[in-house]
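Student: Please find one structure pasted underneath; my questions will follow.
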Amino acid sequence: MRRLSRCGFPCISGARAGAQGARLRHAMQSVLDAHLDQIEMATTAADIERIVSSGEISVFLTIEGGHKTDDDLRVLLITTG
C-alpha cells in the first residue's frame with residue numbers, strides 16, 4: 001500500500017475503505033436497477049450461463065484487495081426494498 005501511495009495512487013484502509021466499498025457496491029446496484037432488461041448480476045457459473053443464453057449481459061462483482069470490506073463481508077450485501 002505504501003508503494004502505491006508513493007506512486008500517486010490514493011490508499012485508504014479501515015472504515016474509509018469499507019465505506020468506499022459500500023458506495024461502489026451501491027453504485028453498481030444502481031446501474032443494474034436502471035437496466036433490468038439488459039443486465040443481470042450473476043453469483044454462480046449457472047447464473048452466467050442462464051443470463052447469457054437469455055441474451056442479457058451477465059455481470060459479476062469482484063473486489064481487488066480485501067481491505068475494501070474493512071473485515072466485514074456485509075459490505076458486499078445490499079438491501080433493496
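The values are calculated or read from the model by the stated rules, or taken from the named source; none is laboratory data. What you are looking at is a predicted structure, and each value in this text was computed from that prediction instead of being measured. A quick note on method: Cβ atoms are made from the backbone with ideal geometry, for glycine too, and the neighbour counts reach across all protein chains shown.
Student: So which residues in region 13-31 are of a type outside the set (Lys, Arg) and surrounded by fewer than 16 Cβ atoms within 10 Å (Cβ to Cβ), if there are any at all?
Tutor: SER13, GLY14, ALA15, ALA19, LEU24, HIS26, ALA27, MET28, GLN29, SER30, VAL31
Student: Sticking with this structure for a sec: Can you pull out the residues in region 1-53 that are at pLDDT 80 or above and of a type in the set (Val, Ile, Thr)?
Tutor: Once the filter is applied, which keeps residues that are at pLDDT 80 or above and of a type in the set (Val, Ile, Thr), region 1-53 yields VAL31, ILE39, THR43, THR44, ILE48, ILE51, VAL52.
Student: Working only within region 54-77, note down all residues that are modelled with pLDDT under 75 and surrounded by 13 or more Cβ atoms within 10 Å (Cβ to Cβ).
Tutor: ILE63, HIS67, LYS68, THR69, ASP70, VAL75, LEU76
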